[in-house]
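Q: A single structure is presented below for examination.
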Amino acid sequence: MGKPAILTPDPWLRLQGLTRARVALGRAGVSLPTREVLRFGTAHAQARDAVHQALDVATLQADLADVGFTSLAVHSQATDRGMYLRRPDMGRRLAPDSLALLGEQGRRLWSLHPPVAVVLADGLSSLATARHGLPLLQALLPYFPDLPGLPVIIASQARVALGDEIGHALGAALVVVMIGERPGLSSPDSLGLYLTARPRPGLTDAERNCISNVRPEGLPYADAARKLAFLMAGAHRLGRTGVDLKDDSDAAPALTDSPYPGLASP
């Protein structure tokens, strides 16, 4: 009679092909297999690095300029990463010099009251913003060909609500915040998109729409761009976002190549 196997495979192993979640890991005796313990440690380290890694603003600005986007760099009232993590409220308001910069340079670079302002924010994963921000902007171009002429703001030490003050300072009808989401153990570079109509300080999360987990392994750029274009068209018609604007993009007809595609009503 042979000895029992040391490593016991999980009968749900086939589920690993359907999700990035940590499922069907198997066991060695009463513990996890060594390879899974090591993978967990690596994933945890990647998540921690994503939170603390600074966004390379100069490189991102250069990459944007190479494809025709003009950008300004601003920062929140959180002066460093430690303050940003301890004081979320400081990440929701612009530093005074950044607010002045938007007032001075914003009016010089872009027209007053732009239909859309885009904010590329580091959030809790600058890795996500650096990897996916520009590809997503490029995926939006078929729907918004005039996007390169609209404001693109790179925000450091930023929370989602920082976009409200940025959009208000620029007089934008809509603001789209593309921000690094809180890293998971299988997704250290997940990008979140937040759309807000009539942005201004003091709005709540109920007044914005969110598209989450944008990355090649999650929601692909093309799908995220289509959803965002659908919501932006709805927000343009309604003048509202959040609980008043529903994402029915999966049931909508094919999009057309125009700044505000003719879509079914959200």
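The values are calculated or read from the model by the stated rules, or taken from the named source; none is laboratory data. In this text, all values refer to a predicted model and were calculated from it rather than measured experimentally. Every residue, glycine as well, gets a Cβ built from its backbone with ideal geometry; the counts of neighbours run over all protein chains shown. Side chains included, ligands, DNA and RNA excluded: accessible areas come from the protein's heavy atoms. Shrake-Rupley method; radii C 1.70, N 1.55, O 1.52, S 1.80 Å.
Q: Hey, among Arg86, Arg92, Arg108, Arg81, which residue is open to solvent by 20 Å² or more (accessible area, probe 1.4 Å) and under 17 Å from the mean Cα position of the chain (by Cα)?
A: On the way: Arg86 fails: under 17 Å from the mean Cα position of the chain (by Cα); Arg108 fails: under 17 Å from the mean Cα position of the chain (by Cα); Arg81 fails: under 17 Å from the mean Cα position of the chain (by Cα).
That would be Arg92, the only listed residue that is open to solvent by 20 Å² or more (accessible area, probe 1.4 Å) and under 17 Å from the mean Cα position of the chain (by Cα).
Q: Here's something else I'd like to know. Can you confirm whether Ser31 is under 30 Å from Pro145 (Cα atoms) and either within 18 Å of the chain's Cα centre (by Cα) or among the hydroxyl-bearing types (Ser, Thr, Tyr) (or both)?
A: Values: under 30 Å from Pro145 (Cα atoms): no; either within 18 Å of the chain's Cα centre (by Cα) or among the hydroxyl-bearing types (Ser, Thr, Tyr) (or both): yes.
Spelling it out, it is not the case that Ser31 is under 30 Å from Pro145 (Cα atoms) and either within 18 Å of the chain's Cα centre (by Cα) or among the hydroxyl-bearing types (Ser, Thr, Tyr) (or both).
Q: Given (1) modelled with pLDDT of 95 or more; (2) within 29 Å of Arg48 (Cα to Cα); (3) surrounded by fewer than 22 Cβ atoms within 10 Å (Cβ to Cβ); (4) over 16 Å from the mean Cα position of the chain (by Cα), where does Pro135 come up short, assuming only one miss?
A: Against the list (1) modelled with pLDDT of 95 or more; (2) within 29 Å of Arg48 (Cα to Cα); (3) surrounded by fewer than 22 Cβ atoms within 10 Å (Cβ to Cβ); (4) over 16 Å from the mean Cα position of the chain (by Cα), Pro135 comes up short only on (4).
Q: Which residues, counting only those in segment 207-265, are at pLDDT below 90, more than 22 Å from the chain's Cα centre (by Cα) and more than 23 Å from Pro135 (Cα to Cα)?
A: Ala251, Ala252, Pro253, Gly262, Leu263, Ala264, Ser265
Q: Name, by its number, the condition in (1) under 21 Å from the mean Cα position of the chain (by Cα); (2) within 16 Å of Ile166 (Cβ to Cβ); (3) modelled with pLDDT under 95 that does not hold for Ala73.
A: (3)
Q: Just name the residue that is modelled with the lowest pLDDT out of those in segment 17-33 that are within 22 Å of Pro216 (Cα to Cα) and open to solvent by 80 Å² or more (accessible area, probe 1.4 Å). Please lay out each step first, then the result.
A: Restricting attention to segment 17-33, the residues satisfying the condition of being within 22 Å of Pro216 (Cα to Cα) are 17-23.
Now restrict to residues that are open to solvent by 80 Å² or more (accessible area, probe 1.4 Å): 18, 20, 22.
Numbers: Leu18: 76, Arg20: 72, Arg22: 77.
The residue in question is Arg20.
Q: While we're here: Residue check: is Ala65 at pLDDT 85 or above and under 22 Å from Ala117 (Cβ atoms)?
A: Numbers: at pLDDT 85 or above: yes; under 22 Å from Ala117 (Cβ atoms): yes.
When the stated conditions are applied, Ala65 passes them.
Q: Could you count how many residues in segment 111-126 are open to solvent by less than 10 Å² (accessible area, probe 1.4 Å) and more than 20 Å from the chain's Cα centre (by Cα)?
A: 1
Q: What number of residues within segment 66-78 are assigned to a loop (DSSP other than H, G, I, E, B) and open to solvent by 30 Å² or more (accessible area, probe 1.4 Å)?
A: Start the filter on segment 66-78 by keeping residues that are assigned to a loop (DSSP other than H, G, I, E, B), which leaves 67-70, 77-78.
Filter once more, keeping what is open to solvent by 30 Å² or more (accessible area, probe 1.4 Å): 67-68, 70, 77.
Residues flagged as assigned to a loop (DSSP other than H, G, I, E, B) and open to solvent by 30 Å² or more (accessible area, probe 1.4 Å) within segment 66-78 amount to 4.
Q: If only one of Leu174, Leu150 is out of contact with any Asp or Glu (no Cβ under 8 Å at 6 or more places or on another chain), closer than 23 Å to Asp56 by Cα, modelled with pLDDT of 95 or more and surrounded by fewer than 24 Cβ atoms within 10 Å (Cβ to Cβ), which one is it? Give the steps one after another, and end with the answer.
A: On the way: Leu174 fails: closer than 23 Å to Asp56 by Cα.
Exactly one of Leu174, Leu150 is out of contact with any Asp or Glu (no Cβ under 8 Å at 6 or more places or on another chain), closer than 23 Å to Asp56 by Cα, modelled with pLDDT of 95 or more and surrounded by fewer than 24 Cβ atoms within 10 Å (Cβ to Cβ), namely Leu150.
Q: OK, next. So which pairs qualify, if the first residue must be in segment 85-99 and of a type in the set (Ser, Thr, Tyr), the second must be crowded, with 19+ Cβ neighbours inside 10 Å, the Cβ gap must be under 6 Å, and the two must be at least 6 apart or on different chains?
A: Ser98/Val74; Ser98/His75
Q: I would also like to ask the following. For a quick check of your reading: which strands (runs of 3 or more DSSP E) sit entirely within segment 134-239 and have at least 2 residues that are out of contact with any Leu (no Cβ under 8 Å at 6 or more places or on another chain) and in contact (Cβ under 8 Å) with a residue 12 or more places away in the chain? Explain how you work it out, then say what you get.
A: Details: elements: 152-156, 174-180, 191-197, 208-214.
Of the strands (runs of 3 or more DSSP E) lying wholly inside segment 134-239, those with at least 2 residues that are out of contact with any Leu (no Cβ under 8 Å at 6 or more places or on another chain) and in contact (Cβ under 8 Å) with a residue 12 or more places away in the chain span 191-197.
Q: Please tell me if Leu185 is modelled with pLDDT under 95 and over 16 Å from Leu55 (Cα atoms).
A: Working: modelled with pLDDT under 95: yes; over 16 Å from Leu55 (Cα atoms): yes.
Taking the combined requirement at face value, the residue satisfies it.
Q: Would you confirm whether any residue within segment 175-196 is on the phi > 0 side of the Ramachandran plot and not polar (S, T, N, Q)? Steps first, please.
A: Within segment 175-196, the subset on the phi > 0 side of the Ramachandran plot is none.
The answer is no; no qualifying residue exists.
Q: Restricting attention to segment 126-133, does a residue exist that is farther than 16 Å from Glu165 by Cβ and part of a loop (DSSP other than H, G, I, E, B)? Please lay out each step first, then the result.
A: Within segment 126-133, the first condition is being farther than 16 Å from Glu165 by Cβ, and the residues that meet it are 126-133.
With part of a loop (DSSP other than H, G, I, E, B) added as a condition, the list becomes none.
Scanning segment 126-133, I find no residue that is farther than 16 Å from Glu165 by Cβ and part of a loop (DSSP other than H, G, I, E, B), so the answer is no.
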